[in-house]
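Working notes for the structure below.
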């Protein structure tokens, strides 16, 4: 009797899993922005091109959790718009690819992603207040 090789079986399962994730619709992003925020449309379009559904909400005041996420960041990382997706906050023009990576990895210790306007790095804000930087691609 010939032994069964599990490599092709595991590769097939992995490929099915990858195909299933790629074909799955992205979660809806709730995008809140202040009335004087002028650069919302470009970011909205890039997120929609990545497959996200966007719910726009012009607001006078951010929610308490949005305020906390925004205020924990240094000034160059704050913005007039903040998005909520799958329990995370995304502040400013964070690249859609970084949001997809966040949603795939689902780190339990991350509160928010932001873009540092001075360095164009994507920054992850952790619950303990630490900041993790990732260079822009």
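Is it the case that residue 84 is at pLDDT 85 or above and buried (at least 20 other Cβ atoms within 10 Å of the Cβ)? Yes.
Number of residues in segment 87-99 that are buried (at least 22 other Cβ atoms within 10 Å of the Cβ) and on the phi > 0 side of the Ramachandran plot equals 1.
On the stretch given as segment 78-128, residues that are in contact (Cβ under 8 Å) with a residue 24 or more places away in the chain, assigned to a helix (DSSP H, G or I) and either closer than 23 Å to residue 56 by Cα or touching a strand residue (DSSP E or B) at 6+ places or on another chain (Cβ under 9 Å) (or both) total 6.
The values are calculated or read from the model by the stated rules, or taken from the named source; none is laboratory data. Predicted model only: the values in this text are computed from it and were never measured. As a convention, Cβ positions derive from the backbone with ideal geometry for all residues, glycine included, and neighbour counts pool all protein chains shown.
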